[in-house]
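Accompanying notes for the structure given below.
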Amino acid sequence: MTVKTPQYLTFFSLKDIKSNGILFMDISISAGFPSPADDFKETRISLDEELIKNKEATFFAKVSGQSMIGAGIDNNDLLVIDRSIEPTNNKIAVCFLDGEFTVKRLRVDNGEVWLQPENPKYPIIKITEENDFVIWGIVTNVIKKV
Amino acid sequence: MYALVDCNNFYVSCERVFNPNLQNKPVAILSNNDGCVISLSDEAKKTGLPFGVPAFKYEAFFKVNNITILSSNYPLYGDMSTRVMKILHQFTPDIEVYSIDEAFLEFKGFQNYNLEDYGLKIRKRILQWTGIPTSVGIASTKALSKVANKIARKYPKKTNGVYVIDSDEKHIKALRWISLKNVWGIGNRLEKRLLLKGCKNALDFIQLSDRWILKNFSVSEWKLKKELQGVPKFLLEEISSKKNIATTRSFESTFSDIDNIKERVATFATSCAEKLRKQQSNCQIIIVFLRSNHYKKDTKQHKASISIVLPYPTNSSLTISKVAVQAVTQLFKKGIAYKRAGVLVSGLVPTNNYQLNLFVQENPKHKPLMRVVDKINTKFKANKIKLASQDLQQTWKMRQERLSPKYTTNINDIITVK
């Protein structure tokens, strides 16, 4: 007989904090009035934490070309890719298609997969069994230089 | 219960994540300096290419069999390994990272879990998140989990990459299946002696009497027998720091003059000292070796090593390289073309806990100096501060003619998408 338990446990390991976020200040350095901010200290904003939700599954890629310009993805932009996110309709994905990496919007409909560019100059691509095709990861953020 | 999670053809798999064109093709990875074949894809194994052979002897073979050859890209493999191990930590707090591509997990209090499902979940998550395929073997002891892992790896379609030994029937079947030389801890010599005794597989081995094993071998073989019977004797080892550290390389060409070899050995010694400081250890023993090119049988051969016990434990680059260079003067013989050298440090003790020597001690200035050197070298990435015994003009490079980009550790090397 088996006892019912929650299906799986997930173990979380402690996050390692790098030392460049916060400075340690000893309140007894000076004889003057201790800083009133000491009790309210918080860690600095970290773009790593904002942009990377899953460190182990996150990779970066550089964009070449303008097929996704309508989605705000331009030539030379940096993509943040999270492989742990399930690919679903409407997500922007990095795919490996017939020997090349490509970034397109996923269209999943009735068991058919289409790769939709966001630029009228590029055609929509239907994925068939003849294609060598893998969805490599889901794009979560675009970083651009201005 | 224990699990062994092993990454399939790890180096090749890392390359394939970022270059999926290599999928289903024969691929071989070469060691440092493009010396030997150290990792093969399943397709490359089928061509009959053996492990460990020197690459230059097989150039023609690579061409005929269409094998893609790559230099080893350790920054990439190291990062991918860290990702895999971090993911494994999400499945159990008890884990032993056994090597760059395998880890033992222990499941305490998982009685109500279906461990096969759990194994499949581990495999699926690693594959999806990192792109690395793994095999998972689960059993009541570490040695048996190794056997289960071999079964999962051998029959990926039947097992989906996960095999659990959880019944007497499976236990006996597995032991009968595995040949002695594939059992963890049974080397060639042991296998020969056991074959003489009439043992062909692990099942024969566990039927030998405890007394006979202890009399003819040692306690570790007896422990292995118990492990294979399903009685845990090997516990998880949480490896906090390494017991030996080494830097050894083949030279791009050969050296017959002592100055070049001194420079190389000083550099290897410095690298060992850096590794020691990184893990906060001191060493008590330094071993230096030199070797001529043993593939060129027609030239004069020389192979020698020396080990030096230090008067006090140290991790100072200055001390370690000084001792190593002195060792070179003792080892070096004129008229030999040397091809390979190495420095190994051993007898490691933590920096904050060691026996002081009453009469000789490390110069107290070394410690803060090394701290500054490490800081500067980390900040500017390349080794900007070197010892004077290292070559300042020339930057030595490993031969890496077929190196893939550092996809995950250098922003200029990331993949390009269209």
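FYI, it's all coordinate maths here, none of it is from the lab. These numbers were taken from a predicted model, which means no experiment stands behind them. Cβ placement follows ideal geometry from the backbone for every residue including glycine, while neighbour counts extend to all protein chains displayed.
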Inset, instruction - Putting +1 on Lys and Arg Cβ atoms and -1 on Asp and Glu Cβ atoms, find which of B:ASN112, B:TYR98, B:PHE61 reaches farthest to the positive end of the dipole of the protein assembly as shown. - result: B:PHE61
Inset, instruction - Arrange the following residues from fewest to most other Cβ atoms within 10 Å of their Cβ: B:THR134, A:THR58. - result: A:THR58, B:THR134
Legend entry - Peptide A:96-102, shielding by other chains (average Cβ, 10 Å cutoff): 4
Inset, instruction - Two decimals is fine: what's Rg over Rh for segment B:1-73, C-alpha atoms, Kirkwood radius as Rh? - result: 1.01
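Tally Lys/Arg at +1 and Asp/Glu at -1 over every other residue whose Cβ is under 14 Å from the Cβ of B:LYS197; what's the total?
+4
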Legend entry - Within 10 Å of each Cβ in B:13-20, the average number of Cβ atoms from other chains: 2
Inset, instruction - Lys and Arg at +1, Asp and Glu at -1: add these up for the other residues within a Cβ distance under 13 Å of B:LYS226 and post the number. - result: +1
Legend entry - Test item: Cα-centred dipole of chain B, Lys/Arg +1 and Asp/Glu -1 on Cβ, debye: 700 debye
Inset, instruction - Count, for each residue of B:121-133, the Cβ atoms from other chains sitting within 10 Å of its Cβ, then give me the mean as a whole number. - result: 3
Legend entry - Extreme residue, positive dipole direction of segment B:224-321, given options B:VAL231, B:HIS302, B:CYS283 (C-beta unit charges): B:VAL231
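Which helices pass in chain B if a helix is a full DSSP H run, must span at least 24 angstrom along its long axis by Cα, and must have mean Kyte-Doolittle hydropathy not below -1.0?
B:258-278
Using the per-residue mean of other Cβ atoms lying within 10 Å as a proxy for protection, in what order, highest first, do the peptides B:16-23, B:209-216 fall?
B:16-23, B:209-216
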Legend entry - Computed magnitude of the charge dipole of the protein assembly as shown (debye, nearest 20; Cβ of K, R +1, Cβ of D, E -1): 2100 debye
Inset, instruction - Could I have the simple spin-label model distance between B:SER307 and B:TRP177, label points 7 Å from Cα toward Cβ, reported in nm to one decimal? - result: 4.1 nm
Inset, instruction - Could you tell me which of B:VAL360, B:GLN330, B:VAL37 has its Cα farthest along the dipole of chain B towards the positive end, charges placed at Cβ (Lys, Arg +1; Asp, Glu -1), taken about the Cα centre? - result: B:GLN330
Inset, instruction - Taking amide H positions as placed in the peptide plane 1.01 Å from N, state which residues far from B:ASN315 in sequence (5 or more) or on other chains have amide H under 5 Å from it. - result: B:CYS283
Legend entry - Size of charge dipole - segment A:50-124 - debye, nearest 20, with Cβ of Lys, Arg +1 and Asp, Glu -1, no other charges: 60 debye
